Every structure is written in structure tokens, then in C-alpha cells.
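Here's the structure, in C-alpha cells; my notes come after.
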Amino acid sequence: MSRQLLGTARNPAVQALLVLAIPLALGLVVGPYWVSELTLVGMYTLVVIGLNLFMGYAGQVSLGQAGFFGIGAYAVGIASTHFGLAPWIGLVLGMVLAAAAAWLLGVLALHLMQHYLALATLAFGIIADVAFQQLPLTGGNSGLYGIPAFTLNAIGFLALTWGAVALGSWFTNRLVRSGTGSLLEAVRSSEVATALMGADPATVKRQAFIVSAVLAAAAGGIYASWEGYIDPTVFTFALSINLVLMAVVGGLRSVVGAVLGAAGVEAINQILKFAGASLAPATSGALQLTIYGLALVVIMIYWPEGLVTGLGARSRARRTAGPQLPLQSVDGHERDGGQVVDGAQRS
Amino acid sequence: MQTEWLLEVEGVTVAFGGIVAVDDVSFRVRAGEVLGVIGPNGAGKTTLFNALTALVPLSHGDVKLSGASVSGWTTHRIARAGIARTLQTPEIFPQITVRENMLAAILSRQTPWLIAVGLGLPSARRCEARAGEEADRLLRDSLLRDEGGRLAGDLPFGHQRLLEIYRALALDPRVLLLDEPLSGLTREEAGVVLGLIRQIRGAGRAVLLVEHDLPSVLAVADRIVVLAEGRLIAEGTPAEVQRDENVRRVYLGREAGQERAAGQGGMAQ
């Protein structure tokens, strides 16, 4: 791809249009199975775009995105089956609810250091899943049936999903390329330096977290209406890991990466499901989780910025190689001086 | 006539467990003054700066900015109140450009809502546009005027130090704490930074300067405080401090000559 073409493709509006047009065009020529796969990939991509913002730009890790996805799905399910509200209303309610949950979790946990924060989001995901299983409103383990669709056919859902992805990509691209995007990068790079400039890193992270939660809930809401049936087995820790893997595989700082990551992992998903079912039916879920865990570890060690951005970052890393200190710095001499002082004081 | 103390440090003590890193240190700084903070390694200079910016909590004591206590405040709140700081190892943001580094600093003060920025709401657009103009203006008046578009990580080390100082100035601080701003610089670059420090003082700000290169501190500081083992052992003009018996014994004595020679030797490299 030429540089010029890349330049145009980096325009947020152009990228958003492409994100909508390409899957839609594909959907019109392929069969119904692929339309449904494309729709599912779109939903994942929407979550991954949010994760991208939180992980790739704000530099944090969330292991609880399935919880927000579930909040969105159950909001649509409950609003429509229990209260007879239109799924649109449930969708909006779910996004608001997810934002509130993310805000609360953020207030409680976002001043934690990175690893503890990841654990807090993990705990949230598990608590959310237990709530989906236990609450009478969510239909317990049997879930909710007969969730009405947005009066859309398969292609309509495909368009709705990727339309949402396009909006999400437009939003995050504009954000990360703004001056405020530089502030996100500042938080990722050094929270101490950011605080010394007068910004509260926790506030910035909390906002990125809320955006990621809202996008996940939107995807979950569309999912519930599209599937027509939800139960707690969908919104588990395995899904959260799956989503993190998609974000990491694709690359943490690119919308294209989000699409490729979601599609790639979903393809592996299908292969593993098929392979697992024929090789070891009883343990196919465990097999999947094991392989994902391994993949995640390997990628985080060798390509911490993700596969797609990792390749680009390698050349950049060469250019941004550490500052070159003069061989004999003032500092170096000074250290010797300091030791002399210590010796003098002791004697 | 009323004396305007910009920064008052009163009995500041920082203890980590049983180790007292800063022990009952008190001094005051006026607007338009450069205060050198010197002392042998481990004297508690950086810890003092960490305490003034709430990166470590005060065990005792009080810090006042223009007469109002800021002790117990968070780091970012202190920064917004007007105490800016650079770090011993410059923490620039290497993966974004010099101009974006400045933008991040300027926008830190207001921290716009991410949602408003992403949606392009008018308030966010105005805020971003103002920040952009300010970044351009600050860069135009700086020594990095031709490097706005470069990745900060690509800058030579001396320019990274400069960038960090300019980023701190973007806060429009009343007090600027510089932690070894000359370390690792060539003699020429050090001269540039010293000139910048004089310029900052000229604008009515107070500068606290921790620096190992004594000749430079003696040249630029109006007054000097000397720390040793966490305690303030002397305070006065450069001439007074150089004459002080305590200081000669624990700090300047035999090593002064060495340091001067070493410092200049190092800067000449």
C-alpha cells in the first residue's frame, strides 16, 4: 500500500466509511452463514475498539469487558421481555447502565496500579456473570427468550452492527488524534509526569474506561436483539479473555487492527470449536481457553503492542532508541564525588 | 513593606519507616528568585522535591504557596496551583511529537471530556483550538521552534531536557522545581539551560534548582540552601555559603576543587 493511500485511509471519516462499506459489500455477495459470521465479528470489533482505547492508548488492561457486553445484552433482553419496551430503548439504557457501572468501578479501582486494576476488572466480570446467573430478572441460568429484533433482516443487522463500528471508529480516531489524544498517550507513557503537568491520570483513565464500557454495552445490546436469546454462558471470563486477545492480536492502537484481530480470533474460534468437538468433545472449551492463554502470553512477551502495531512499532522503536548520553556526563563524575564525601564523613 | 514569600517550606519531614530522608527542613523563596538546593548525594534533595509535589507524603511540616497551605493536596492539584517540576531523568513522551508533548501539557490543566472531544462538541473544539494556538506560541518562543513535528523520542538528550522544562512552563507555574537540569548536557547545552533559568526568573517566577554542577549553581542562584543527611545545614548567598564552615566541612571541602574540575571536564566532553 502506498504512503499516500495510507494517508487518506487514516482520515477518521474515510476509515469509518470503509469500515461500514467493506463488510456490507462482502455481506451482499456471500451466503447467510458468512453474513452471520460477519455480523458477529462486527460486534466483537465494536468491543475491541473500546478496549483498544483503554488498553492501547490509556495503557490499562480490562479483563471484565464481557460484563459490560452482558449489561448491554440483558438491558435489551429485560427491557423488551419484562417491560415490553422497544429494543432501542433497552440499548440506550444498557449503555447508560454500563457507563454508570464503569464510573463506579473506576472510582473504586482506577487509582490502583496496573496489575491490581486488571484484577479489579476481572472481579467485576465475574460478579456480573454471577449476577446474570442469579437474578430473577435475568432469567437465571435459562436466560431470556424471545427478545425482539430491531425489525431488521440479516443484512439489516449487518449494516446496523458495522454502522455502530463505523461510529465507534470515527469517535476513537478523532479522539486519539486530537490534543487530548496526546494527553492519553501521556498517561500511558508516564502517570507521574502527567500528574506533574496538572492532569489527574485517574480521571483520564476513568473516562477511557467508560467509553470502552459503553461501546461494549452497545455491542451486547445489538447481540441480544440479533440472537433473540441470551443466557449467562455467553458473558463469561472466557469471552473477556477472547476480547483482550482480539485487541492484542490486532494491535492495540489501530482500528484496522481491531477489525483484523476480531476476525482472526473469531476464525480461530470456529476452527477450534470444530477441531475440539471432533477431537475431544468433553474438553473443547478447556482446549480453547488453554490455546488462548498461551497465545496471549506469547504475544504479550514478544509483541506487547499487538501483532499489527507491533510490526510498525519495531521500526519506530529503532528511531526512538534511548537518549544518547555523553560518555562522561556531569552526573557520572558527580557520583564519584559523592562517594568521596561519604568516605570523608565516616572518617 | 510586606515581603512576598511565594513558597514557604516549614519543618518539612519525610520519613520512610525508620529512615528520615528529609528532616525538619524550613526555607522560603521570593518571586523572581533562583534558590539553589545543593548537598552531597543522599542529602534528600530529590526527596524534598518529591515532598513538595506530593509524590511522597509529608510526615510533618507544611508547604505554603503564596501563603496558602498545599500540604495534603494531590500531585496534579499542586501542579495546577502553580508548582511545576522536571525530573532527574527527563520523562518526555517519546512516541508523540514535540508539539503534541506541549499540547498534552497545556490540556492537562483543563483535562477536557474525552466524550466531548471524540464527538467534536463545540466546547471541546474551542478548547482544542486554544491549546493548539498556545502550543504554537510557546514553541515559537522556544529553542525547539524547528522541532515541533519531530518525535520527542528522536530528540537529542539535551533537547529532551529542554522540552521537559518547556512542558513545565506550559503550566504557567509560579514556582518551578528543576531537578538536575544540567546533568548529561554538554557545556553548550548547559549554558542554554542556565540562560533559560535566568529568563524564567526574570518573568517573576521562583526557581528551585537542584544541581550537582556547583559552578553553575553559584553562577545562577540568588541564594543557596545546603542539605546534608536530610538536614538543612546552611542557607545564604552563594558567597556566604562558600564561606560557611559547616558547608566546607561536609560538602565543599576537599571535593569542591575536584567537582569543579570534574564538572567542567565533563561538560567539555
How far is helix B:187-202 tilted, in degrees, relative to the longest principal axis of the Cα atoms in chain B, given as a value from 0 to 90 rounded to the nearest 10?
80
Output the relative contact order of chain B, whole-number percent, from Cα pairs under 8 angstrom with separation of 6+ residues.
26
Which of B:Val25, A:Val92, A:Leu279 sits closest to the plus end of the dipole of the protein assembly as shown, meaning its Cα is farthest towards the positive end, when Lys and Arg get +1 and Asp and Glu get -1 on the C-beta?
A:Val92
By the Kirkwood definition, with r running over pairs of different Cα atoms, segment A:138-260 has a hydrodynamic radius in Å of 16.8
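Can you pull the semi-axes for segment B:116-197, root of five times each eigenvalue of the Cα gyration tensor, sorted largest first, whole Å?
They are 29, 14, 11 Å, listed largest first.
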By accessible area of protein heavy atoms, probe 1.4 Å, what ranking do B:Val241, A:Val259 get, highest first?
A:Val259, B:Val241
Set of lysines with alpha-carbon distance to B:Lys64 below 27 Å, sequence-local pairs under 8 removed
B:Lys45
Just to confirm the number: angle between the C-alpha axis of helix B:122-140 and the first principal axis of chain B, 0 to 90 degrees, nearest 10?
50
Excluding B:Val14 itself, what net charge comes from residues whose Cβ is under 14 Å from its Cβ, given Lys and Arg +1 and Asp and Glu -1?
-3
Send over a whole-number figure in Å² for the accessible area per residue of segment A:2-235, probe 1.4 Å.
39
Calculate one ³J(HN,Hα) per residue across segment A:61-72 by plugging θ = phi - 60° into the Karplus curve 6.51 cos²θ - 1.76 cosθ + 1.60, and present them in order as whole Hz with x for glycine and proline.
10, 10, 9, x, 5, 4, x, 5, 4, x, 4, x
For segment B:49-80, residues shielded by at least 20 square angstrom of accessible area compared with the chain on its own, probe 1.4 Å
B:Leu55, B:Thr75, B:His76, B:Ala79
For B:Val207, which sequence-distant residues (separation of 5 or more, or a different chain) have an amide H within less than 5 Å of its own amide H, given hydrogens modelled in the peptide plane?
B:Glu33, B:Val34, B:Leu35, B:Leu176
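Keeping the other protein chains in place, figure out the carbon and sulfur percent of the accessible area of segment A:2-235, with a 1.4 Å probe. Before the final figure, lay out each step's value.
Values: 6510 of 9050 Å².
Carbon with sulfur: 72 percent of the solvent-accessible area.
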Overall Cα dimensions of segment B:1-132, principal axis frame, Å, largest first:
51, 41, 26
Two-site label geometry, A:Ser142 and A:Asn11: point separation in nm, points 7 Å out along Cα→Cβ
5.5
With unit charges on the beta carbon (Lys/Arg positive, Asp/Glu negative), name the residue among A:Gly156, A:Gly139, A:Ile127 whose Cα is farthest towards the positive pole of the charge dipole of segment A:2-235.
A:Gly156
Positive minus negative residues near B:Asp136 (Lys, Arg vs Asp, Glu; Cβ under 14 Å)
-2
Solvent-accessible surface ranking, highest first, for B:Thr186, A:Thr39 at 1.4 angstrom:
B:Thr186, A:Thr39
Long-range tail of P(r) for chain B (Cα pairs > 24 Å, %):
51
Any idea what the dipole of the protein assembly as shown comes to, in debye rounded to 20, about its Cα centre with Lys/Arg Cβ at +1 and Asp/Glu Cβ at -1?
1020
Roughly what would the spin-label model give for A:Tyr229 and A:Leu108, points 7 Å off Cα along C-beta, in nm?
3.3
So what is the orientation-averaged projected area of segment A:2-235, using the convex hull of its C-alpha atoms, in nm²?
13.6
About the Cα centre of segment A:2-235, what is the dipole size in debye to 20, counting +1 per Lys and Arg Cβ and -1 per Asp and Glu Cβ, all else neutral?
580
Restricting to the protein assembly as shown, what percent of DSSP beta bridges are antiparallel, rounded to 5?
60
For B:Leu7, the residues 5 or more places away or on another chain with a placed amide H closer than 5 Å to its own amide H are B:Val29, B:Ser66
Taking K and R as +1 and D and E as -1, what net charge do the other residues with C-beta under 10 Å from the C-beta of B:Arg161 add up to?
-3
With every protein chain present, what accessible area does B:Ser123 have (1.4 Å probe, heavy atoms only), rounded to the nearest 10 Å²?
70
Over the Cα atoms, compute the radius of gyration (one decimal) and Dmax (the largest Cα-Cα distance, rounded to a whole number) for the protein assembly as shown, in Å.
28.4, 91
Take A:Trp88, A:Trp303 and sort them by solvent-accessible surface of the protein heavy atoms, 1.4 Å probe, largest at the top.
A:Trp88, A:Trp303
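Keeping the other protein chains in place, figure out the carbon and sulfur percent of the accessible area of chain B, with a 1.4 Å probe.
In chain B, the share of accessible area belonging to carbon and sulfur is 49 percent.
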Roughly how big is the B-A contact, given as buried accessible area in Å² (both sides, 1.4 Å probe, nearest 100)?
4600
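The values are calculated or read from the model by the stated rules, or taken from the named source; none is laboratory data. Quick caveat, the model's predicted, so the values are computed rather than measured. Every residue, glycine as well, gets a Cβ built from its backbone with ideal geometry; the counts of neighbours run over all protein chains shown. Areas reflect the complete protein model, heavy atoms only, side chains present, ligands, DNA and RNA absent. Shrake-Rupley method; radii C 1.70, N 1.55, O 1.52, S 1.80 Å.
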